[in-house]
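Below: the structure, in structure tokens.
The values are calculated or read from the model by the stated rules, or taken from the named source; none is laboratory data. Nothing here was measured: the structure is a model prediction, and the numbers come from that model. Note that each Cβ is placed from the backbone with ideal geometry, even for glycine, and that neighbours are counted across all protein chains shown. Protein only, heavy atoms only, side chains kept; ligands, DNA and RNA dropped before computing areas. Shrake-Rupley method; radii C 1.70, N 1.55, O 1.52, S 1.80 Å.
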Amino acid sequence: MRILTLLYTLLIINLITIKAQTVTTFAGIDNSANPTANFNNDTASPQNAYFYQPQGIAWDPSGYMYITERNKIRVLINGKFYNRSGKLGNGSFSQGYKDGAGISGELAAPSDIISDANGNMYIVDSENHSIRKLAAYTSLGQPQSITTFAGAPPPTAIADYKNATGTNARFNTPKGIVMDKNGNFYVSDWWNFCIRKISSGGVVTNLAGIPGTFGSTDGTNGTNSTFGGPWGMAMMNDNELIVADQYNSSIRKVNISSGKTTTITGKALDFNPKDGTLAEARFKSPEGIVFVNGLIYVNDVTAIRVIDIAKNTVSTFAGSLNATGNVDGTGSDARFGKLSGMAYDGFNALYVTDVDYHLIKKITINNLAPSSDFTASKVNLMVNEESTLTDNSGGKPATSRKWTVTSQTGSTANVDIVNGNPNSDASITVKFSAVGFYTVKLDVTNEFGSDSRTKNSYFNVSTLGINNLGSSNLNLLVYPNPAHGFIMVNGVNFTLSNADIILKDIAGRELLSISNASGTAQLNIDNISAGMYVLQVIQGGAILQRRIQIQ
């Protein structure tokens with residue numbers, strides 16, 4: 001008879017970690033070979049869509065994703081992209097400036113885009129030097145109308161600088177847009193070297209920067225700060241926004257009340273990218289930027305950089321500082337062409353636009369939502385022996401947690417928490433006053449969600465009989481497991497001698513037994529139904545047990 005052996009002297013716990021920084025192509029076909037010849041005039045799935053220099057990304061309150069392209073605005077609904085505004089056809093030659101419903105509206109190189117609380121989309125129409133408003137989505141059959149919110153009205157795109165209301169205001173090639181909690185907009189007026197503020201009523205004023213003056217000066221207010229081509233922007237908190245200052249190759253911070261401007265990292269006119277401390281780091285040409293969970297992520301041409309102000313570090317998060325290409329992968333294995341727009345999905349991923357390859361890429365930044373998991377310092381215990389449970393859940397640290405430890409029947413009797421609070425602490429110490437299998441459940445919650453993990457029969461508690469058997473390193477060799485027809489039983493670090501062997505069902509009912517077994521014992525299980533069972537060995541007052549499966 002061939003005997004299959006399975007030794008249970010060690011419990012091996014594999015911790016599975018979802019890799020961060022995983023880059024995948026979310027939408028688009030590599031269109032770098034002939035982008036003016038390939039385009040979609042109708043609906044297209046993400047994997048079949050042809051884009052032409054995609055730029056901005058945003059979601060409305062319904063969770064629909066909007067993409068700005070060279071000549072139009074698309075929305076992703078139910079797995080399909082639909083054209084919602086702008087001319088169809090060749091993106092290079094079908095631009096214009098016109099208000100109107102659906103595809104009768106026209107745009108010219110729209111860059112950034114953002115949604116208000118009602119689902120209206122505000123678009124930085126860069127080469128029309130204006131801010132456009134796309135009415136909120138109602139249905140696929142109802143076109144969304146586009147109007148001019150601020151900047152010179154159609155049909156003439158005027159590049160200039162002027163503080164005024166609505167269509168009396170003037171911009172010069174604006175690029176980025178963000179909105180504060182009060183509904184005010186902030187626009188990076190790229191070629192005016194300024195940060196402009198637009199009230200919800202359309203009143204345009206200057207927040208920071210000297211109009212028409214290129215520079216890199218930090219200042220205590222908006223009138224003595226200068227910029228060198230501000231591009232992407234993001235709200236850092238309720239009072240400050242961050243700016244990717246492209247031609248100063250630096251990341252700036254601006255107070256939205258005073259206009260006070262400071263440089264976080266990077267150095268003006270030093271375009272040789274490198275990682276390091278905030279003082280040491282250099283950028284090539286930053287554009288898209290977001291702020292997530294205390295970290296600043298920046299598109300820097302062929303790489304995504306991450307800035308950790310608290311740790312005083314700048315590092316390359318994905319891609320390469322020097323190598324280019326179109327390669328999905330993890331971290332430094334990924335390759336990008338030229339990155340432009342960046343957006344955060346509010347969960348665990350960045351989305352970026354690659355204007356060289358005409359693609360939208362998705363980058364998993366980390367596991368912000370909780371993923372419950374735990375380990376124990378020891379899982380094979382003797383009665384009244386202690387073991388420490390430790391929360392090692394993935395995601396952002398838990399804001400609340402709950403440990404539940406029960407016997408196989410679900411009872412908390414015989415379970416003693418000797419250290420730690422099971423309703424809050426990341427680590428608790430337990431011991432058990434009776435032989436048996438004990439199940440552990442951990443519930444964790446943070447601001448991104450909740451998760452629960454249960455490990456059935458996680459603890460195996462026996463009376464290991466140190467005094468009787470002379471060792472605490474005792475175990476059972478039970479094979480085969482899963483079993484069919486027979487079970488072989490022997491000791492590990494001890495020899496069976498005049499032992500009682502008992503097979504029980506999960507409810508504790510005795511099904512089979514052997515008395516006075518010595519050496520290697522064999523149980524005939526031909527008449528036992530398939531399922532999970534408990535095998536106990538009692539020798540000299542010691543009880544050891546194993547959970548087995550019968551097929």
key: Condition check for V444: more than 30 Å from N348 (Cβ to Cβ) and either at pLDDT 80 or above or surrounded by 16 or more Cβ atoms within 10 Å (Cβ to Cβ) (or both)   = no
message = If I ask for residues that are touching a Gly at 6+ places or on another chain (Cβ under 8 Å) and open to solvent by less than 40 Å² (accessible area, probe 1.4 Å), which ones from the range 368-386 would you list?
response = L368, A369, P370, D373
task = Please give the number of the condition I198 fails out of (1) modelled with pLDDT of 95 or more; (2) more than 33 Å from the chain's Cα centre (by Cα); (3) of a type in the set (V, I, T).
result = (2)
query = Of the residues that sit in the range 474-502 and are β-branched (V, I, T) and closer than 13 Å to I543 by Cα, which one is most open to solvent (accessible area, probe 1.4 Å)?
reply = I502
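Listed here are the residues, each with its yes/no results for (1) farther than 30 Å from A33 by Cβ; (2) of a type in the set (K, R); (3) not in a strand (DSSP E or B).
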| residue | (1), (2), (3) |
| --- | --- |
| K362 | no, yes, no |
| V405 | yes, no, no |
| T409 | yes, no, yes |
| V430 | yes, no, no |
task = Collect the residues in the range 291-312 that are within 24 Å of N446 (Cβ to Cβ), open to solvent by 10 Å² or more (accessible area, probe 1.4 Å) and in contact (Cβ under 8 Å) with a residue 12 or more places away in the chain, keeping them in residue-number order.
result = F291, N293, G294, L295, D308, I309, A310
inquiry  = Just to be sure I understand, how many residues within the range 174-190 are farther than 18 Å from F227 by Cα and touching an Asp or Glu at 6+ places or on another chain (Cβ under 8 Å)?
reply    = 4
task = Taking the residues in the range 152-195 that are more than 26 Å from A117 (Cα to Cα) and among the small types (G, A, S) as candidates, determine which candidate is surrounded by the most Cβ atoms within 10 Å (Cβ to Cβ).
result = A157
query = Given the conditions (1) closer than 30 Å to V534 by Cα; (2) at pLDDT 90 or above; (3) open to solvent by 40 Å² or more (accessible area, probe 1.4 Å); (4) not aliphatic (A, V, I, L, M), and given that D333 satisfies all but one, which numbered condition is not satisfied?
reply = (1)
query = In the range 115-141, what residues are open to solvent by less than 30 Å² (accessible area, probe 1.4 Å), closer than 26 Å to A159 by Cβ and assigned to a strand (DSSP E or B)?
reply = M121, Y122, I123, V124, D125, S130, I131, R132, L134
request  = Exactly one condition in (1) assigned to a helix (DSSP H, G or I); (2) of a type outside the set (F, W, Y); (3) under 30 Å from S62 (Cα atoms) is not met by I177; state its number.
outcome  = (1)
